[in-house]
Amino acid sequence: MALIDIKNLTFGYGAKGPAVLKGLNLSIESGERLAILGGNGSGKTTLAHWIAGWLPRPAMEASQGEVLARGKAWPEWNALDRAATVQFVGQIPMQQLSGFAFTVYDEIVFGPGNLGLSADEIRTRADWAIDICNLRHLVYRDPFTLSGGEQQRLSIAAALVMNPKALVLDEPTGNFDPESRDNLLEQIKGLPRDLTIILFDMALKPALAVAERFVLLDDGGIVADGLPEEVIQHPAAIDMFGLPAVTEAALLIRESGKFPGKARLPLTFDQAVRLFGGVPAC
Amino acid sequence: MLKAEGVAYHYPGGADVLSEVSFSASAGEVLALVGRNGAGKSTLLRLLNGLRKPTRGSIVVDGMNTTDTPVHLISRVIGTVFQAPEQQIFNATVHDEVMFGPRNLPISAEERDRRVHEALARTKLAEFAKHHPLDLDQARRRFVALASVLATGPSALLLDEPQRGLDARSRSLLETIIRQEQQAGRCIIIVCHDMEFVARLATRVIALSEGRLSADMAPLQFFTNPALTAAASVEAPDIVRLSQALLLPPSLTPAAFAEAWLADRQETSTQV
């Protein structure tokens with residue numbers, strides 16, 4: 001059984017709102033690392049909310065099609081089970097702080113405190129999440145005095161501590177400088193392998209760092225789904241992201257007929273160095 | 001067009017955020033202002049557009065010294081697009097927002113209409129003229145802020161992270177507009193973390209490091225100097241790093257790299 005099964009989903013905001021998602025089908029298996037990519041206004045955040053079961057029940061029931069989590073439609077789930085199954089981390093870290101925890105530690109234990117767990121279990125989970133997100137030195141700080149990057153790590157820790165099956169990340173590094181971005185991506189990459197990661201983004205770098213499967217969203221529908229190197233060459237993808245500069249260079253070289261062997265197109269700097277450096281230079 | 005001399009600035013009661021910053025910018029130049037978070041980039045922008053006054057030194061914009069010129073006069077010459085367009089949008093329709101600047105200029109009603117019409121067309125917002133700016137997606141909001149600035153016809157544009165959050169389609173529209181402004185002889189200063197964007201557009205890089213100017217040079221020269229890029233906490237674009245890793249002549253663009261790589265390969269095969 002798929003972890004998330006989206007069947008023919010058509011959805012718009014309000015009774016008269018235009019459809020944002022248009023007859024969308026998508027199946028996500030447990031343990032997958034998936035990037036859902038789309039441009040401005042493609043429906044990314046709406047789809048992310050659906051996957052996380054985050055829409056109000058009447059809105060979900062008024063839509064066409066359905067989203068099943070482990071075989072059961074979202075409206076049939078209760079909030080606690082849902083929160084322990086899929087966790088969502090949004091674009092703006094500050095908006096996810098509960099607002100009534102005075103320390104980072106309290107913010108992290110707030111979620112599991114509502115799951116009816118023993119104090120020991122909560123402590124163990126909190127310690128694990130704190131270490132994974134590198135927050136140990138910040139546990140006594142006021143969440144609102146943290147930097148944006150630290151707040152985003154806190155949001156992820158507060159999601160992980162729920163021990164979810166899947167983590168949905170909506171442009172988690174959109175507001176970061178490159179250094180903080182790369183640090184956070186390293187941490188996401190290092191998350192336990194059995195955790196399903198669904199990353200929504202419109203930049204290729206985070207997706208290439210984290211995901212093994214790319215899904216391309218355009219105008220509320222899926223236009224490509226497959227391996228990263230296939231999907232990023234789809235015309236809609238080139239239209240949205242452009243190509244990585246190293247891939248663009250490789251394509252120019254391929255046009256000249258001098259491409260080294262039958263090698264795959266490089267997507268990252270490291271792949272390009274291996275490919276072009278593999279040819280004897282002197 | 002724009003000249004900063006020995007500029008220093010500190011917030012009240014604080015240490016210097018900027019010290020000894022001197023540079024100048026001419027018409028038709030695109031300057032990329034780079035540096036890590038907290039290096040003083042945004043403070044420098046606010047000094048250039050007169051929102052803050054230097055504690056020491058001077059900034060002269062189009063012949064006006066910002067220290068003793070009222071901000072509304074400076075703003076006729078320098079247009080600023082801030083990072084978060086929400087912070088500079090306060091009218092109920094896109095049209096009114098873009099009209100706000102021209103309405104405060106000593107120009108005829110026809111000229112105002114012409115400028116607003118042109119700015120909306122260039123930013124592809126004509127069909128959204130009657131929408132509330134905050135009902136638009138992130139990319140279009142950015143273009144509303146840019147259109148408002150273009151409509152005032154400034155001689156210099158300050159853009160704070162204008163490419164952030166834009167997909168390739170929107171980024172390419174932004175690039176087109178920046179190039180048109182450059183060709184029209186405006187002086188453009190872009191604060192930018194995206195070095196691929198800098199490599200495509202900038203004619204010069206100004207780097208700030210701990211409040212001081214650590215570089216003022218051509219992009220290729222800057223990107224190939226590891227000490228300077230490290231001081232500014234920027235990573236050179238992949239293409240520059242790739243050409244260096246392969247010991248080829250440094251290239252800024254994919255086309256330049258392809259040419260250099262093929263030439264090198266040609267040479268190798270002739271030698272064999």
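The values are calculated or read from the model by the stated rules, or taken from the named source; none is laboratory data. In this text, all values refer to a predicted model and were calculated from it rather than measured experimentally. Glycine also receives a Cβ, built like all others from the backbone with ideal geometry; neighbour counts cover every protein chain displayed. Keep in mind that these areas ignore ligands, DNA and RNA; they rest on the heavy atoms of the full protein, side chains included. Shrake-Rupley method; radii C 1.70, N 1.55, O 1.52, S 1.80 Å.
What the table below lists for this structure:
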quantity	calculated
Subset of segment B:236-272 [at the interface with chain A (Cβ under 7 Å from one of its Cβ atoms) and among the charged types (D, E, K, R)]	B:Asp238, B:Arg241, B:Asp264, B:Arg265
Search result, residues across segment B:57-85 that are loosely packed, with under 15 Cβ neighbours inside 10 Å and touching a residue at least 24 places away in the same chain (Cβ under 8 Å)	B:His72
Some residue of segment B:117-127 being open to solvent by less than 10 Å² (accessible area, probe 1.4 Å), in a loop (DSSP other than H, G, I, E, B) and away from chain A (no Cβ under 14 Å)	no
Qualifying residues in segment B:131-162 (those that are assigned to a helix (DSSP H, G or I) and within 14 Å of chain A (Cβ to nearest Cβ)) - the one nearest to B:Thr43 (Cα to Cα)	B:Arg142
Per-region count, segment A:146-172, residues without any contact (Cβ under 8 Å) to a residue 40 or more places away in the chain and part of a loop (DSSP other than H, G, I, E, B)	1
Residue in segment A:35-67 that is surrounded by the most Cβ atoms within 10 Å (Cβ to Cβ), counting only those that are polar (S, T, N, Q) and either in contact with an Asp or Glu (Cβ under 8 Å, 6 or more places away or on another chain) or within 14 Å of chain B (Cβ to nearest Cβ) (or both)	A:Ser42
Filtered residue count, segment B:19-46, keeping only those that are open to solvent by 10 Å² or more (accessible area, probe 1.4 Å) and either away from chain A (no Cβ under 14 Å) or of a type in the set (Ser, Thr, Tyr) (or both)	12
Failed criterion for B:Ser22 (all others in (1) part of a strand (DSSP E or B); (2) within 25 Å of B:Val149 (Cβ to Cβ); (3) in contact with an Asp or Glu (Cβ under 7 Å, 6 or more places away or on another chain) hold)	(2)
Yes/no for A:Val246 being of a type outside the set (Gly, Ala, Ser), open to solvent by less than 40 Å² (accessible area, probe 1.4 Å) and more than 14 Å from chain B (Cβ to nearest Cβ)	no
